[in-house]
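What follows is a single structure, written as structure tokens, with notes after it.
Just so you know, all these numbers are worked out from the coordinates, no wet-lab data involved. Every value quoted in this text rests on a predicted model; they were computed, and no experiment measured them. Here Cβ is always computed from backbone atoms with ideal geometry, including for glycine, and neighbour counts include all displayed protein chains.
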């Protein structure tokens with residue numbers, strides 16, 4: 001393997017392994033919460049959000065696994081990045097639905113506020129390019145949203 005191969009392929013495989021392990025860990029935790037809730041005998045054996053959460057965590061794992069199984073990731077980095085983003089989004093949606101369906105309201109609200117602040121901080125600080133926007137966080141957030149909605153190609 002050359003340096004280029006290691007530089008391109010290894011981060012994709014590591015990200016895929018991390019997201020896959022995160023999805024499986026969250027799925028295991030959700031199953032434990034469901035089993036504890038069902039054993040408590042409070043009457044609600046199956047919540048309507050249980051199936052949604054399980055399917056989103058499984059999809060997140062499958063998306064991450066598909067990136068890890070790419071035969072030529074150096075030629076498919078755009079596809080791999082998109083699938084990894086899809087894996088992250090499905091795991092995130094599953095976590096949000098799980099938190100709102102199974103945790104007390106203060107936990108749900110604090111998680112949602114923290115996640116919103118993290119998303120805004122990422123869009124304006126981490127993923128911004130000060131040379132393009134002149135340090136303006138609103139322009140940076142707009143560029144980030146346009147790029148991830150597919151309106152412009154990443155540079």
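Which order results if 93, 98 are arranged by neighbouring Cβ count within 10 Å, fewest first? Display every interim value, and only then the final one.
Working: 93 16, 98 25.
Least to most surrounded, the residues fall as 93, 98.
Going by average Cβ density within 10 Å per residue, which order do the peptides 81-89, 113-121 take, highest to lowest? Provide the component values of the computation, followed by the final result.
Numbers: 81-89: 17.8, 113-121: 11.3.
The most tightly packed comes first, giving 81-89, 113-121.
Given 0.36 nm per residue, what is the gain on full extension from residue 58 to residue 38 after removing their alpha carbon distance, in nm? Intermediate results must be reported in sequence, preceding the final value.
Numbers: separation 20, 0.36 × 20 = 7.20 nm, distance 2.14 nm.
Length difference between fully extended and current span is 5.1 nm.
Compute the length gained on full extension between residue 51 and residue 97: take 0.36 nm times their separation in residues and subtract their Cα-Cα distance, giving the result in nm to one decimal. Walk me through the numbers before you get to the answer.
Details: separation 46, 0.36 × 46 = 16.56 nm, distance 1.06 nm.
That pair, residue 51 and residue 97, stretches by 15.5 nm at full extension.
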